[in-house]
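Peer 1: Okay, here's the structure, questions in a sec.
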Amino acid sequence: MGRDKKMTNLMFQPENMLLNNTISAIAGIYFIFINSLKMDKSRLLPAVKSSWHVGLITYLVPWALSIHVFYQVQGNIPGIVGGSFPVYLLVVSARSYIAVIANALGELNLLSSELGQLAISSATVHELIGWFLMCAGLLMQGPNKGSDDRRKGILTMLSLFALTLFSIFVLRPLILQVIRKTSDGKPVNANYVRAILLAPLITGVLSDVLGSTFFPGALLMGLIIPAGPPLGSVLVEKCELILSEILLPFLYIRVGVLTNVYSITNREAFGYFHMTLATGYAGKVAGSLLSILFFKTSLRNAFLLAFILNIKGVLELTISVRFRMFKFMDETIYTAFVLSNMLVSAIMAPLIQIFYKPQTRHEGSDSTEICTRTVQATPLVSQLRVLCCIHCEDNVPGILTLLNAMNVIENGPIGSYPVHLTELIGRSTPLLEPYDTKNMRRMRDSTDRIMKALSKYFSVTIQPFRIISPYKIMHDFICKLAQDECIHLIILPFPESLEILGKTTSLRSLILGVEEQSPCTVGIFLDRCPPRYLGSTELPFKVAVFFFGGADDREALALVMRMLGNPGVRIKFFRIHLTGELQENYMKKNLDDCLVKEFRDKNIGNPGVEYHELEANVSVQVMDTIRSVENKYDLVVVGKRRGPKSRLDEEMNPWVEHKELGVIGDMLASSDFGGGFMSVLVMHCLGSIDGSMRISDNVHCLDQVAENRDSESLLKKFRFSGPDS
């Protein structure tokens, strides 16, 4: 349409294009600023150390091959200026940008995959190499000027060096002072935000005036601001929507106006230039194949890594516009460059989505390993490893109460693995890393305070972690951590506090994702306990357990059995027989009966334990029994499901609001139950979402668990809480 004279005169008049070009330049400045701001600077060196060889090979191999091919056919490509410009052009073509790769992986839901993390690390190495190689070109007025402008280039270099020093030693301390003045959880002063948002525009224009481009100024401003909250996330939130929805479309218009497919009259030059670019794309594949020497990965993943690193985006388009405006390339070569970038991205992204399917975390584990990832299968004298997920500081008192209730001296110790879950805002890549306990003394943010409280009020050694990720893929990181650390139980807070109400939908999707892919048992914890119960032995902590039968209920009872012997805990056990409920198999009945018998035998004469057994014929009777505990207990523990064919679940499912809690859990979690002062823990045994497993796996697991128990032979035989068939 832009080639039609009437359309051009109507929409692309010279005075309109002047405004469009100005706005597109501003879009370029803020795009570079936002993406450099979102980079986690603390991860640059670790990423380089872990995958520098892969990044180096996948950068230098395509660059060297494309340069070799270009100089062989240079005489057939008249549209590119001579000198050193072809080298800089092919540097851009061979380079993979973190912002582009992270954005593409986010769209493909591969940010948390191992291949995605390797691609991000490789792109980090590409960025560092690219900055080094491009500095020479950016510091000079033009890559084709030669020695005539050497003096001007030296002055430009010195000026930019002075700007860099000013940014690091003047602007950065001021920005850090703003962050220190901002109380944790409070927004940054709006005046400071406005001033900082103007800074990249000023530094970008200043670097352009000094003889370079606006790239270094905007880049410097983004690099000196720490990523993430409180300041980085606010700047990204303020800018990102305006940038993507308002400013960048003007850049796309400019790219489209400069692109003219009708200018491709010299097909020979067009073909030779495409052959040069295609050699670079093939070089990425060759470099990725060579990376197999350093990483034990499959041939398929090596190809997919090359596909990911070949994806192009906005940054390549921005640089190509700059090259065209300085007339380093003619219209034909510019058009070929833009079309090539668009075509390769359009091909690579679908291929990656089709051929790369990351396995779920527990996939491929044998039945023996799966059996030992439950609470019941863990001997009482052994350490129970608990992964405690924490969204905010409000979750800490309830988690501490629950852990201290289970941490009985006579039983095995509790191994606590707290992990602070933070939504990815103001960063370009997700993060899963151990928390440095040295930071507890600094108390810089909520993570420091959370870990300080857990280490101070919990009596066993903890191994803390933190996860920064979008909620839609956060379950992958949690399951990976549980798999790597041999976790037996994951505790996830149920979203109810005012601080996270706005994210309820995302957090509920997170819970469902963890339940589906978890390699161990999952407990959904709704904390309503007043903080006064924390660590209290004077006031008894009253716990109620509802046992209907099934794998989830057995896990609930096994967890409560670890509280026995705690002088500050009082337990009331309700076993409810559903009359008219079809017994699914003999195995399930024996598993239920043997665990209940063990619980009763251990607590004969124990004044801190009460046992009640009753029958219920209809759902109304079950609900009446559950409502009888309102306002009488501090914690109610229940299983999520009774079994895949439970009549109670089938009758009540239409009225369930929160599917992730199950029928009974949803009722206990309702706002009108217990007056809002009774905590709820819903247990979900590992396996598929419906709690199913082959009966042969159950038989095999029984033998494995029996070897770890010191109970009588009959109890040993059936002491396993694996999912029902």
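Since every read-out is calculated from the coordinates, none of them should be taken as a lab result. Please read all numbers here as calculations on a predicted model, not as lab measurements. All Cβ positions, even for glycine, are placed from backbone atoms using ideal geometry, and neighbour counts span all protein chains on display.
Peer 1: Among 83-90, 251-258, 222-229, 236-243, what's the highest-first ranking by average C-beta atoms within 10 angstrom per residue?
Peer 2: Ranking, from highest mean packing down: 222-229, 83-90, 251-258, 236-243.
Peer 1: Going highest first, how would you order 488-494, 75-81 by mean Cβ packing within 10 Å?
Peer 2: Packing proxy ranking, top to bottom: 488-494, 75-81.
Peer 1: What FRET efficiency do you get for K456 and K659 if R0 is 45 Å and r is their Cβ-Cβ distance, rounded to the nearest 0.05?
Peer 2: 0.75
Peer 1: Sticking with this structure for a sec: Using the Kirkwood radius built from alpha carbon pairs, what does the Stokes-Einstein equation give as D for the stretch 230-317 at 25 °C and 0.890 mPa s, in µm² per second?
Peer 2: For the chosen part, D equals 146 µm²/s.
Peer 1: Sticking with this one: Highest mean first, what order results for 605-616, 266-277, 662-673 on Cβ atoms within 10 Å?
Peer 2: Top to bottom by mean Cβ count within 10 Å: 662-673, 266-277, 605-616.
Peer 1: Once you have all Cα-Cα distances for the stretch 48-107, histogram them in 10 Å bins from zero and send the whole-percent values.
Peer 2: Pair shares across the bins are 19, 40, 26, 13, 1.
Peer 1: With a point put 7 Å past each Cα toward its Cβ, work out how far N590 is from M11 in nm, to one decimal.
Peer 2: Rounded to a tenth, the inter-label distance reads 7.5 nm.
Peer 1: Roughly speaking, what is the stretch gain from T437 to L60, that is 0.36 nm per residue apart minus the C-alpha to C-alpha distance, in nm to one decimal?
Peer 2: Extra length available between T437 and L60 comes to 131.8 nm.
Peer 1: What does the extension gain come out to for L290 and E331, with contour length at 0.36 nm per residue minus their alpha carbon separation?
Peer 2: Length difference between fully extended and current span is 11.1 nm.
Peer 1: With unit charges on the beta carbons (Lys and Arg positive, Asp and Glu negative) and the dipole taken about the Cα centre of the stretch 5-355, which residue among I264, T332, Y88 sits farthest to the positive side?
Peer 2: Farthest along the dipole direction, towards plus: Y88.
Peer 1: Over 29 Å between C-alpha atoms is what I'm after, so list which of K238/K659; K480/K659; K186/K480 land there.
Peer 2: K238/K659; K186/K480
Peer 1: Quote the Stokes-Einstein diffusion coefficient, in whole µm² s⁻¹, for the stretch 5-355, based on the Kirkwood radius over alpha carbon pairs, a temperature of 4 °C and a viscosity of 1.567 mPa s.
Peer 2: Answer from the Stokes-Einstein relation: 61 µm²/s.
Peer 1: If you stretched the chain out fully between S509 and S183, how much longer would it get, using 0.36 nm times the residue separation minus the C-alpha to C-alpha distance?
Peer 2: 114.3 nm
Peer 1: Another question about this same structure. Give me the distance in nm between label points sitting 7 Å out from Cα along the Cα-to-Cβ direction at K472 and E651, one decimal.
Peer 2: Calculated label separation equals 4.0 nm.
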